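For reference, the structure discussed in these notes is given below.
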Amino acid sequence: MRLRELDLTSYRNYERETLTFADGVTLFYGQNAQGKTNILEAIFLCTCARSHRTGRDTELIKAGHDGYRVGIDYETDRSESESLSLAYDQTQARRTIEHNGIRLQRVADLMGLFHAVIFAPEDLAIVKDGPSERRRFLDLLISQQKPRYFRELSVYLHILNQRNKLLKRFREEDSGQNDMLQLDIWDEQLAKSGAYVMATRQFYAAQLEKKAAAALAHITGDGETLSLKYKSFGAKSEDEASIETEYLQRLHHGRRDDILRGSTSAGPHRDDLEIRLDGFDVRAYASQGQQRSITLALRIAELRILHEETGEAPILLLDDVMSELDVTRRTNLLTAIQGYQVLVTCTDLHQVFSPELATAIYEERSDLGRINPAESDRLSNLGTINFYKVANGSVSYRGSVNKTEND
C-alpha cells in the first residue's frame, strides 16, 4: 500500500495543504508546535476515524472554522487507486466518511480499507498505563484486518451496557423471577459475543508475542526476552465454544456480586495484555528506555501482522521516535522498516543524518547526494528520502537524498 496524496482543509493549524508522496521515506522536520505531528495524525485518522491523540472531532478543527476535512489518495499493492475522505461539521455535529466518492454509513465500513501504523510519544501509555490502553491497542490491530471483529466488539459493548442497566435496576428494586429470566437472556448473548472477542484476542496476542520479541531483539541486540500473555477472566480454554461455556458459568456465579456492584465484573472489558521482560512486569521494572523500545517493538510487530494478514504493506508513521534512541538503535530501526513507505517527523536532522548531511540540508545545498558518500551504506535500503520543512502550518519541499546520487 502506498500513500500518494494528502489533502487538509481547516485541520488543526492547516488552512489548506496538499502534499504528494513518493515511495521510500518522507521526513518532516521543524521546530515544535509547527504542525509535523498533525500531518501524521491526519493520515492515521483515515484508518479508523479516530485520532491517536483525542477522541473529540472538535479539537481537530482549525480555530475560526466550523469543520475540517481530510482526504487521501492511495494505491494498493494490487495496483488499485483508491481514495478516502473524512469531514466533520460541528454546526450539525455530523461526520461524513467517503470511500472512492461513495458515502459510508458506519465507521465499521471504514475498517480495513487503509492500513497505517503509528508510533508516537503517547504510545508509552500502552506499556505504562492501565489495561484499557492495551485493550485498545489490541482491538485496533485486530479491527484493521478483521472488520467483523470491530462489529462484534461493538455488539458486545452494547449488550454489556444493557446488562449493566438491568443490574443497576435490580440493585435499586426487588427483582422477581421474570426479571431473572431477562438477565439470563442478556447473559447468553454476552457470553456468545464475548467468547468471540476473547478467542480472537488470544490468537493475536500469541502472534504479537512472536513478532514483538523478534523486533525487540533486532532493535536492541540486548538478548532480553519479551513475553506477552492475554489475561482473561480465568478461562482455561482457547477455543471459542469452550470459552463461551466458561464465561456463561462465570456470569451466573458472579450474578449476586454484579447486582450489588451494579456492573459486570468479568469479561473482555476487564481483560489485560500482560507484558513482561525477562519475566518481570515492564510497568514496574523496565526503565524508560526499555519501555520505549518495547513499545516500538509492538508497533513493528503490528506492522508485520497487518502485512501478512491483509497482503497489503501498511504505511508506517514515526512521530519524533529518533530523538529517544541512541545511534545503534536508530540504525537497527532503519533496517527493520526497509521495504515500507515511512513518514518520519523530527525536530533535529542530526537525529537521522550524519552531521555533514544534516548541515547541508539546513543550508539548502543542491549537492546533497554527494555530501557524505559513506552514508549511502546506511541509507541504501530505504530508497529515496524526501524531506520537507514544516513551519507555521506550511510545508515546503527541501530536497532528497538516495543511494544513486551518492554512488
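Mind telling me which of the residues 359, 328 ends up being among the hydroxyl-bearing types (Ser, Thr, Tyr), within 16 Å of residue 221 (Cβ to Cβ) and out of contact with any Leu (no Cβ under 8 Å at 6 or more places or on another chain)? Steps first, answer last, please.
Working: 359 fails: within 16 Å of residue 221 (Cβ to Cβ).
Exactly one residue qualifies, and that residue is 328.
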Out of all the residues in the stretch 3-16, is one or more under 18 Å from the mean Cα position of the chain (by Cα) and in the same structural domain as residue 393 (by TED's automatic domain parsing)? yes
Just need a number here: residues in the stretch 250-267 that are outside any loop (DSSP other than H, G, I, E, B), of a type in the set (A, V, I, L, M) and surrounded by 15 or more Cβ atoms within 10 Å (Cβ to Cβ). 2
For the subset of the stretch 77-93 comprising residues that are among the small types (Gly, Ala, Ser) and outside any strand (DSSP E or B), which member is nearest to residue 20 (Cα to Cα)? 79
Filter the stretch 273-319 for residues that are charged (D, E, K, R), out of contact with any helix residue (DSSP H, G or I) (no Cβ under 6 Å at 6 or more places or on another chain) and not in a helix (DSSP H, G or I); which is farthest from residue 200 (Cα to Cα)? 278
Condition set modelled with pLDDT of 85 or more and among the hydroxyl-bearing types (Ser, Thr, Tyr), scope the stretch 318-369, selection surrounded by the fewest Cβ atoms within 10 Å (Cβ to Cβ): answer is 347
Mind checking which residues of the stretch 117-134 are hydrophobic (A, V, I, L, M, F, W, C) and in contact (Cβ under 8 Å) with a residue 12 or more places away in the chain? 117, 118, 119, 120, 124, 126, 127
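Can you pull out the residues in the stretch 205-244 that are of a type in the set (Val, Ile, Thr) and exposed (fewer than 15 other Cβ atoms within 10 Å of the Cβ)? Break it down stepwise before answering.
Keep residues of the stretch 205-244 that are of a type in the set (Val, Ile, Thr), which gives 219-220, 225, 243.
Selection gives 225 alone.
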Leading residue by the ranking (surrounded by the fewest Cβ atoms within 10 Å (Cβ to Cβ)) among those in the stretch 63-98 that are more than 21 Å from the chain's Cα centre (by Cα) and β-branched (Val, Ile, Thr): 91
The condition from (1) in the same structural domain as residue 142 (by TED's automatic domain parsing); (2) closer than 22 Å to residue 120 by Cβ that residue 331 misses is numbered (1)
May I ask you to verify whether residue 154 is out of contact with any Asp or Glu (no Cβ under 9 Å at 6 or more places or on another chain), assigned by TED's automatic domain parsing to the domain that holds residue 307 and assigned to a helix (DSSP H, G or I)? yes
Of all residues in the stretch 190-249, count the ones that are polar (S, T, N, Q) and not in a helix (DSSP H, G or I). 4
Would you check if residue 114 is in contact with a Cys (Cβ under 8 Å, 6 or more places away or on another chain), within 21 Å of residue 4 (Cα to Cα), in contact (Cβ under 8 Å) with a residue 40 or more places away in the chain and not aliphatic (A, V, I, L, M)? yes
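The values are calculated or read from the model by the stated rules, or taken from the named source; none is laboratory data. Given the structure is predicted, the values throughout are model-derived calculations rather than measurements. So basically every Cβ, Gly included, is an ideal-geometry build from the backbone, and we count neighbours across all protein chains shown.
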